[in-house]
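For reference, the structure discussed in these notes is given below.
The values are calculated or read from the model by the stated rules, or taken from the named source; none is laboratory data. These numbers come from a predicted model, not from an experiment. Here Cβ is always computed from backbone atoms with ideal geometry, including for glycine, and neighbour counts include all displayed protein chains.
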There are 2 protein chains.
Amino acid sequence: MEPRVRFADRLCDAVKRKGTCLVVGLDPVAERLPVELRGGSQPAGGGACRIDAILEFCTQTAELVAPMVPAVKINIAFFERYLAAGIDAYFELVGRAKRFGLEVIGDVKRGDIGHTAAMYAAAHLADGDSTTGVRRYVPDAVTVNGFAGMEGILPFAEAADREGRGVFVWVRASNPTAAEIQDFAGGDGRMMHEVLADVVGRVARQPARIGDSGYSSVGMVAGGLSAEKALEFRARYDHVWFLVPGYGRQGCAAADCVKLCKADGTGALINASRSIIYAFETPSYAERFGGDWKAAVEQAVVDARADLARAAGEK
Amino acid sequence: MEPRVRFADRLCDAVKRKGTCLVVGLDPVAERLPVELRGGSQPAGGGACRIDAILEFCTQTAELVAPMVPAVKINIAFFERYLAAGIDAYFELVGRAKRFGLEVIGDVKRGDIGHTAAMYAAAHLADGDSTTGVRRYVPDAVTVNGFAGMEGILPFAEAADREGRGVFVWVRASNPTAAEIQDFAGGDGRMMHEVLADVVGRVARQPARIGDSGYSSVGMVAGGLSAEKALEFRARYDHVWFLVPGYGRQGCAAADCVKLCKADGTGALINASRSIIYAFETPSYAERFGGDWKAAVEQAVVDARADLARAAGEK
């Protein structure tokens with residue numbers, strides 16, 4: 001049974017309970033798994049073995065970090081790579097992470113116009129039902145590509161509404177070349193990503209979508225914002241949860257990321273993926289923990305939490 | 001074995017051979033299948049039955065239209081709805097449509113930044129290999145969401161390069177609310193979708209991507225363009241294949257769609273989905289052909305081909 005509390009409210013509670021806005025991103029590739037999970041050399045036709053090893057690694061990582069972070073973000077592309085077997089593994093991992101008490105964000109970035117968007121929303125946000133005969137765990141929220149505008153976003157928001165789930169619409173990416181498209185400056189002084197944010201803000205602001213915490217079930221993925229822009233977004237979209245990519249390996253400093261948090265620490269989830277899940281490869285951790293990959297991952301979470309807490313304290 | 005001829009050149013050949021730029025879009029929902037394919041009433045746990053019926057309907061439709069059109073576009077969202085079983089059915093359908101001699105476009109609209117985009121590209125454009133152990137048919141081209149800019153597009157273009165395949169980057173959507181985002185007017189007089197088109201045009205123009213036909217393996221999905229804009233795009237991106245959604249049910253007139261074709265009939269694929277695959281529901285066809293759904297679908301293709309040919313003749 002799904003909990004009846006809405007996603008945005010559950011997230012508030014989880015962030016306060018765990019005492020951090022850090023989210024661990026699971027973007028696993030077989031080549032970088034801890035050696036003891038790789039199952040030795042590559043067997044012939046190793047696809048099934050690899051996705052099994054990936055699922056095992058992610059399961060152990062989710063269990064390890066569950067007491068320390070409110071949520072995990074699972075990047076479906078790294079599972080979809082293994083086609084149907086990967087999709088099965090993705091939903092299996094969603095279920096396991098939920099059983100560990102985590103909020104689970106499915107990073108699926110799906111987006112299209114009306115009817116097609118509704119199909120994607122049904123695949124990724126709806127419980128199994130008599131239409132598909134499929135029953136499985138579903139993420140608490142998914143990321144959405146809002147390029148098609150209001151009509152492409154609403155089917156996801158409405159599917160989330162029906163099940164107490166959430167969506168994060170991708171408003172600004174963290175990669176360098178995103179700027180050419182997303183920062184395209186309009187004649188009215190706004191940038192393209194601000195226009196998109198305003199569309200998302202309108203969907204988010206529907207009173208039926210606002211929970212007891214004051215936050216909406218519709219949030220935004222917002223990466224690579226300047227400190228000034230981050231403060232502006234925090235003020236303008238006070239009812240919105242932000243999901244912030246790029247902390248850690250991608251080079252967004254804690255001080256910039258936490259500008260999207262409110263004073264009580266809620267309002268933004270700061271995601272770190274590779275810097276956490278492959279911490280055992282980082283020389284300083286490798287030296288300290290040797291072959292104990294779990295100890296390295298755990299320490300990386302402790303360190304990232306501390307880094308974000310320090311940055312929030314200095315705000 | 002994949003043919004060695006490049007996608008853009010194969011497409012040229014197919015359009016000339018079949019004598020039309022019409023493409024049939026497969027967006028199947030179980031509720032609208034011909035009654036004899038529905039398998040009577042809905043059995044309990046009917047998901048598997050439904051996806052089987054959908055696969056059968058699409059297979060029969062692809063076989064039926066194969067002599068009359070150069071390509072089919074398969075919308076993965078309508079399969080993904082059935083999760084892993086749907087993904088298996090999608091790739092199975094891709095293989096069958098290719099065996100019928102069709103070029104196959106996977107309408108997947110995937111998009112994300114660098115590493116994640118590479119994962120999606122591997123899932124949807126790469127042959128099975130020792131990395132995944134997976135072996136199956138792969139579409140000749142896929143649609144891509146280019147919101148992340150150059151870095152999000154290149155991994156797909158490069159995966160297509162490796163296998164003689166193609167990509168169509170989604171530049172302009174055909175839905176009404178797309179305009180708020182995609183027609184956002186810049187201070188430099190360009191609209192947002194024109195900025196995106198320029199990025200795609202740069203990727204497409206790489207000499208290594210241009211085939212003997214003069215067309216690139218990188219094309220654009222371009223819907224809802226005004227007649228003037230369509231002519232402008234045709235002239236500016238003379239090396240680009242356009243994929244045009246919205247003809248038929250979505251209300252784009254043939255006269256507008258064919259403006260993206262060159263004088264020899266190549267250069268644009270005009271997609272019709274629901275108006276063809278559900279033709280047996282259309283009163284005029286239903287009256288004429290009774291319960292013979294295949295005859296209705298076949299006639300709808302004949303009529304759409306004639307409509308496009310007439311419009312091209314009047315250009």
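Taking segment A:256-285 as the range and being within 21 Å of A:Glu56 (Cα to Cα) and hydrophobic (A, V, I, L, M, F, W, C) as the test, the residues that pass are A:Ala272, A:Ile276, A:Ile277, A:Ala279, A:Phe280. The one condition from (1) free of Cβ contacts under 8 Å to residues at least 60 places away in the same chain; (2) part of a helix (DSSP H, G or I); (3) of a type in the set (A, V, I, L, M) that B:Ala160 does not meet is (1). Candidates A:Ala279, A:Ala286: the one that is under 14 Å from A:Gly25 (Cβ atoms), modelled with pLDDT of 95 or more and over 18 Å from the mean Cα position of the chain (by Cα) is A:Ala279. Looking only at residues in segment A:205-230 that are free of Cβ contacts under 8 Å to residues at least 40 places away in the same chain and within 27 Å of B:Gly152 (Cα to Cα), the one that is farthest from the other protein chains (Cβ to nearest Cβ) is A:Ala227.
Scanning segment A:126-147 for residues that are at pLDDT below 95 and either part of a strand (DSSP E or B) or farther than 20 Å from B:Leu26 by Cα (or both) gives A:Ala126, A:Asp127, A:Gly128, A:Asp129, A:Ser130, A:Gly133, A:Val134, A:Arg135, A:Arg136, A:Tyr137, A:Val138.
Here is a yes/no grid of residues against (1) among the aliphatic types (A, V, I, L, M); (2) under 24 Å from A:Ala84 (Cα atoms):
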| position | (1), (2) |
| --- | --- |
| B:Val29 | yes, yes |
| B:Gly39 | no, no |
| B:Glu56 | no, yes |
| B:Gln60 | no, yes |
| B:Asn75 | no, yes |
| B:Ala85 | yes, yes |
| B:Ala97 | yes, yes |
| B:Asp107 | no, yes |
| B:His115 | no, yes |
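Every test in (1) more than 8 Å from chain A (Cβ to nearest Cβ); (2) surrounded by fewer than 19 Cβ atoms within 10 Å (Cβ to Cβ) is passed by B:Glu103 save one, and that test is (2). Considering (1) in contact (Cβ under 8 Å) with a residue 40 or more places away in the chain; (2) at the interface with chain A (Cβ under 7 Å from one of its Cβ atoms); (3) within 24 Å of A:Met119 (Cα to Cα); (4) surrounded by fewer than 24 Cβ atoms within 10 Å (Cβ to Cβ), the lone condition that B:Val199 does not fulfil carries the number (3).
The residues of segment A:68-89 that are among the aromatic types (Phe, Trp, Tyr) and at pLDDT 95 or above, listed by number, are A:Phe78, A:Phe79. The residue of segment A:200-218 that is farthest from A:Gln182 (Cα to Cα), among those that are among the small types (Gly, Ala, Ser) and either modelled with pLDDT under 95 or assigned to a helix (DSSP H, G or I) (or both), is A:Ala208. One residue stands out in segment A:74-91 among those that are assigned to a helix (DSSP H, G or I), touching a Lys or Arg at 6+ places or on another chain (Cβ under 8 Å) and on the phi < 0 side of the Ramachandran plot: the one that is nearest to the other protein chains (Cβ to nearest Cβ), namely A:Ala77. When the test is whether a residue is touching a Lys or Arg at 6+ places or on another chain (Cβ under 8 Å) and either over 27 Å from B:Ala126 (Cβ atoms) or modelled with pLDDT under 95 (or both), B:Leu33 does not pass it. Among the residues of segment A:153-170, at least one is modelled with pLDDT of 95 or more and over 30 Å from B:Ile51 (Cα atoms). Of the residues that sit in segment B:157-196 and are at the interface with chain A (Cβ under 10 Å from one of its Cβ atoms) and in contact with a Phe, Trp or Tyr (Cβ under 6 Å, 6 or more places away or on another chain), which one is surrounded by the fewest Cβ atoms within 10 Å (Cβ to Cβ)? Among residues in segment B:157-196 that are at the interface with chain A (Cβ under 10 Å from one of its Cβ atoms) and in contact with a Phe, Trp or Tyr (Cβ under 6 Å, 6 or more places away or on another chain), the one surrounded by the fewest Cβ atoms within 10 Å (Cβ to Cβ) is B:Gly186.
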